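Structure record follows, encoded as structure tokens.
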Amino acid sequence: MAGVRVIISDFGGVLTNPLEEAFIAWQQETGIPLEELGKAMFTIGEELGENPLYKLEKGEMSEPEFERVMQDQLRKQLGDDTEFVDFAEFYFSQLSPNQPFIDFLFEYKAAGGRLALLTNNVKEWEPRWRAMLPIDELFEAITDSGFEGTRKPEPLIYEITFQRITELPGLEDVKRSECVLVDDIEINCDAARDFGFKAVRYHGGNDAVLTELRPLLA
């Protein structure tokens with residue numbers, strides 16, 4: 001069986017500390033329970049036909065528009081003094097690089113491995129997350145949902161990612177089964193497997209993930 005030739009990494013929760021840590025800190029900072037945040041997104045999603053976070057991550061809703069509809073809904077739920085502003089600034093202040101996994105990717109690349117990035121992200125946030133890590137130094141192909149009009153786990157974003165990989169020198173003949181997605185969300189991993197990629201869910205820390213990932217590599 002052919003080994004993996006390309007690692008496709010997620011950004012948040014894989015190249016960074018767990019995203020849950022940022023959301024818990026936000027809850028503590030604002031006093032807005034995460035349950036109310038989820039309720040607001042669900043209610044707005046019922047009106048719009050899709051979760052507003054998903055629309056934000058597909059570039060179908062701007063960050064200011066997202067903040068406005070979220071604040072309006074949270075005020076209905078929690079009172080007129082509720083503020084939902086500067087979410088991104090606080091969110092990114094709580095994220096830090098997952099250096100051990102980043103070091104592993106550098107070692108993999110130095111040994112001849114190929115790397116791509118596939119992230120569900122927000123168009124306006126691109127300068128923030130790119131400034132956190134040596135993105136262009138590590139990754140040859142980058143797919144950011146905010147610029148694609150599609151997001152994980154939708155099949156199209158995997159197709160876009162694979163197409164970009166096959167356009168790289170030396171990877172014109174790569175097979176889907178020779179690519180592995182590392183992602184912290186199981187439904188994204190399931191969709192990657194449905195597409196034909198291998199997938200490893202990032203959970204349980206770096207040692208656990210690398211124990212699962214290393215045997216797959218060519």
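The values are calculated or read from the model by the stated rules, or taken from the named source; none is laboratory data. Only a predicted model underlies this, so the values are computations on that prediction, with no experimental measurement involved. Here Cβ is always computed from backbone atoms with ideal geometry, including for glycine, and neighbour counts include all displayed protein chains.
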- Query: Pairs, please: C-beta under 6 Å, at least 6 apart or cross-chain, first residue over 14 Å from Arg151 (Cα atoms) and in the stretch 172-199, second modelled with pLDDT under 95 and in a loop (DSSP other than H, G, I, E, B)?
  - Reply: Glu178/Ala2
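Okay, residues lined up against (1) assigned to a helix (DSSP H, G or I); (2) within 30 Å of Cys179 (Cα to Cα); (3) in the same structural domain as Phe197 (by TED's automatic domain parsing); (4) touching a residue at least 60 places away in the same chain (Cβ under 8 Å):
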site: Ala40; (1), (2), (3), (4): yes, no, no, no
site: Glu67; (1), (2), (3), (4): yes, no, no, no
site: Gln71; (1), (2), (3), (4): yes, no, no, no
site: Lys76; (1), (2), (3), (4): yes, no, no, no
site: Ile102; (1), (2), (3), (4): yes, yes, yes, yes
site: Glu107; (1), (2), (3), (4): yes, yes, yes, no
site: Leu115; (1), (2), (3), (4): no, yes, yes, yes
- Message: Name the single residue that is surrounded by the fewest Cβ atoms within 10 Å (Cβ to Cβ) among those in the stretch 115-166 being under 28 Å from Glu67 (Cα atoms) and of a type in the set (Val, Ile, Thr).
- Response: Ile135
- Residues in the stretch 128-138 that are under 15 Å from the mean Cα position of the chain (by Cα) and assigned to a helix (DSSP H, G or I): how many? 5
- Query: What is the number of the single condition among (1) part of a loop (DSSP other than H, G, I, E, B); (2) small (Gly, Ala, Ser); (3) touching a residue at least 40 places away in the same chain (Cβ under 8 Å) that Gly204 does not meet?
  - Reply: (3)
- Note on the structure: Gln28 fails exactly one of (1) modelled with pLDDT under 95; (2) surrounded by 14 or more Cβ atoms within 10 Å (Cβ to Cβ); (3) among the polar types (S, T, N, Q), namely (2)
- Only one of (1) more than 17 Å from the chain's Cα centre (by Cα); (2) crowded, with 16+ Cβ neighbours inside 10 Å; (3) assigned to a helix (DSSP H, G or I) does not apply to Thr211, and that is (2)
- Task: Working only within the stretch 172-195, note down all residues that are in contact with a Ser or Thr (Cβ under 9 Å, 6 or more places away or on another chain) and surrounded by fewer than 16 Cβ atoms within 10 Å (Cβ to Cβ).
- Result: Glu172, Asp173
- Message: Criterion first (of a type outside the set (A, V, I, L, M, F, W, C) and under 15 Å from Asp10 (Cβ atoms)) does Arg176 satisfy it?
- Response: no
- Item | Output for the stretch 42-65, where each listed residue is part of a helix (DSSP H, G or I), charged (D, E, K, R) and either touching a Lys or Arg at 6+ places or on another chain (Cβ under 6 Å) or surrounded by 15 or more Cβ atoms within 10 Å (Cβ to Cβ) (or both) | Lys55, Glu57, Glu63
- Where Lys198 falls short, out of the listed (1) surrounded by 16 or more Cβ atoms within 10 Å (Cβ to Cβ); (2) out of contact with any Cys (no Cβ under 9 Å at 6 or more places or on another chain); (3) of a type in the set (Lys, Arg): (2)
- Query: Can you tell me which residues in the stretch 162-201 are among the charged types (D, E, K, R) and part of a helix (DSSP H, G or I)?
  - Reply: Arg164, Arg176, Glu178, Glu186, Asp190, Arg193, Asp194
- Task: Please tell me if Phe11 is at pLDDT 95 or above, of a type outside the set (Lys, Arg) and in a loop (DSSP other than H, G, I, E, B).
- Result: yes
- Note on the structure: Among the residues of the stretch 139-153, the number that are farther than 23 Å from Ser93 by Cβ and either outside any loop (DSSP other than H, G, I, E, B) or not charged (D, E, K, R) (or both) is 8
